[in-house]
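Structure first, commentary second.
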Amino acid sequence: MKKISVWAVVVTAAIMASCGGRTPKADLKNDLDSLSYAFGIAQTQGLKEYLTMRMGVDTTEEYMDDFIKGLNEGVNAGDDKAKTAYFAGLQIGQQISQQMVKGINMELFGEDSTQTISVKNLVAGFVAGTTGKGALMSMDVATMYTRDGMADIKARVAAKKFGDYKKKNEEFMKKIAKKDGVRQIDSTGVYYEVITEGDGAVPEDTSTVEVRYAGTLIDGTEFDSNMNADLPMKFQANQVIPGWREALTHMPAGSTWKVYIPADMAYGENQAGEKIKPFSTLVFTIQLIK
């Protein structure tokens, strides 16, 4: 699908301008008329896809008259600053409704369409931030609250939805902590069993390591493995989840450990791929080659 540029939209609008909501009839009296008409058609390549995919417009015949009416009003506004501001607000408002609100709701509530953020308060904050008048928070505070507030709400939503699963994973870790031969790495909540003890160097968190591994959930479901790959995985020890980093920076090269990583040292309340649900304890067999 070809994308249409903002310039193409503007040119198309200019060519289609008329006094009503209907498409003007072509009147090709000379070469310039014909060139103008051809240019108009050429610039609309991909327009319907753009309107549908990027702007959320229903391009069936029922609504195209409304589109053309708005198009004509926009073109005929000329340099009217009031109308320019109004149309800009209308377009951004549509983007907030069709993109921003839907995106935030999906991030917070997933597929649960019964829950939503407050559009009224979002717009109130948006207007205050735009005009610089009457804001109840500074930009710095709002930015921080956006990050922390989203994390808190996501955690509450996930805890409600996955409460039983969370409890099951926590109980699993309590049993692992009491298992013979299992040791805890400092006070991190990460536990491990030594399968093979190596005698090589212990990586720093900035070291590059080569490993083979297999990861499962507490019920034995495997979600990732490179045990049968041609080459081991190579990466920096601090470029992985916290539980992995703790294990790698405590095990000597040449070792194979079975590592039990609680959710707060893995992906927490977040979904990771199709198999790792929120609050998942992860169990890894890790071979630190070098």
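Just so it is clear, none of the values below were taken in a lab; they were calculated from the coordinates. Here the structure is a predicted model, which means the values were calculated and not measured. Methodologically, a virtual Cβ is constructed for each residue, glycine included, from the backbone with ideal geometry; neighbour enumeration extends over all protein chains shown.
What does the extension gain come out to for MET150 and ALA128, with contour length at 0.36 nm per residue minus their alpha carbon separation? Mind dumping the intermediate values first?
Working: separation 22, 0.36 × 22 = 7.92 nm, distance 2.05 nm.
Going from the current span to full extension adds 5.9 nm.
Over 15 Å, how big is the tail of the calculated P(r) for region 82-160, in percent of all Cα pairs?
On the way: 2015 of 3081 pairs.
Here the tail beyond 15 Å accounts for 65 percent of pairs.
How big is region 230-290 by the Kirkwood estimate over distinct Cα pairs, in Å? Working shown, then result.
Working: mean 1/r = 0.0807 Å⁻¹.
Computed over Cα pairs of region 230-290, the Kirkwood hydrodynamic radius comes out at 12.4 Å.
The simple spin-label model puts a point 7 Å past each Cα toward its Cβ; for ASP224 and LYS175 those points are separated by 2.5 nm. Each peptide among 99-108, 206-215 gets the average number of other Cβ atoms lying within 10 Å of its residues, and from highest to lowest they stand as 206-215, 99-108.
Distance between the modelled labels on GLN239 and SER113, one decimal in nanometres: 4.1 nm (7 Å Cα→Cβ projection). Each peptide among 130-141, 53-64, 151-162 gets the average number of other Cβ atoms lying within 10 Å of its residues, and from highest to lowest they stand as 151-162, 53-64, 130-141.
Find the relative contact order for the chain and round it to a whole percent, using C-alpha pairs within less than 8 Å whose residues are 6+ positions apart.
On the way: 383 pairs, mean separation 40.3, N = 290.
Over the chain, the number comes to 14 percent.
The relative contact order of region 96-217 comes to 13 percent, based on Cα pairs under 8 Å that sit 6 or more residues apart. Which of the lysines could a cross-linker span from LYS102 if the Cα-Cα distance has to be under 17 Å and same-chain partners fewer than 8 positions apart are dropped? LYS102 reaches LYS120, LYS154.
Computed across the chain, the Kirkwood hydrodynamic radius from all distinct Cα-Cα pairs reaches 24.6 Å.
For a Förster distance of 22 Å, can you work out the FRET efficiency between the beta-carbons of GLU61 and GLN91, rounded to the nearest 0.05?
Numbers: r = 23 Å, r/R0 = 1.05.
Step by step, r from the Cβ atoms, then E = 0.45.
For LYS69 and GLN99, a Förster radius of 22 Å and the Cβ-Cβ distance give a FRET efficiency of 0.40, rounded to the nearest 0.05.
In the structure displayed, which of LYS69/LYS133; LYS178/LYS277; LYS174/LYS234; LYS25/LYS48; LYS81/LYS133 lie more than 29 Å apart, Cα to Cα? Checking Cα-Cα distances, LYS69/LYS133; LYS174/LYS234 exceed 29 Å.
Show me the helices of the chain, taken as full DSSP H stretches, that run 20 Å or more along their long axis by Cα and average -0.5 or above in Kyte-Doolittle hydropathy.
On the way: long enough: 61-76 (23 Å, -0.83); 81-95 (21 Å, -0.31); 139-161 (32 Å, -0.29); 163-177 (21 Å, -1.61).
Flagged H segments are 81-95, 139-161.
Working ranking of peptides 76-83, 198-205 by packing, defined as the average number of other Cβ atoms within 10 Å per residue, highest first, is 198-205, 76-83. Toward the positive end of the charge dipole of region 85-148, with +1 on the Cβ of Lys and Arg and -1 on the Cβ of Asp and Glu, the farthest Cα among THR114, SER138, MET100 is that of SER138.
Expressed in Å, the radius of gyration and Dmax of the Cα atoms of region 152-290 are 15.0, 46.
List the relative contact order of region 82-160 as a percent without decimals, with contacts defined as Cα pairs under 8 Å and 6+ residues apart. Spell out each step's value before the answer.
Details: 20 pairs, mean separation 22.7, N = 79.
It rounds to 29 percent for region 82-160.
Under 20 Å of direct C-alpha separation, and excluding same-chain neighbours fewer than eight residues apart, LYS175 reaches these aspartates and glutamates: ASP164, ASP186, GLU193, ASP219, ASP264. Between the listed residues ALA177, SER187, MET150, the Cα displaced farthest toward the positive end of the dipole of region 148-190, a dipole computed from Cβ unit charges relative to the Cα centre, is found at ALA177.
Treating only the Cβ of Lys, Arg, Asp and Glu as charged (+1, +1, -1, -1), what charge dipole size does region 82-160 show about its Cα centre? Round to the nearest 20 debye.
220
In a simple Cβ point-charge model (Lys, Arg +1; Asp, Glu -1; nothing else charged), the chain has a dipole of about 440 debye relative to its Cα centre.
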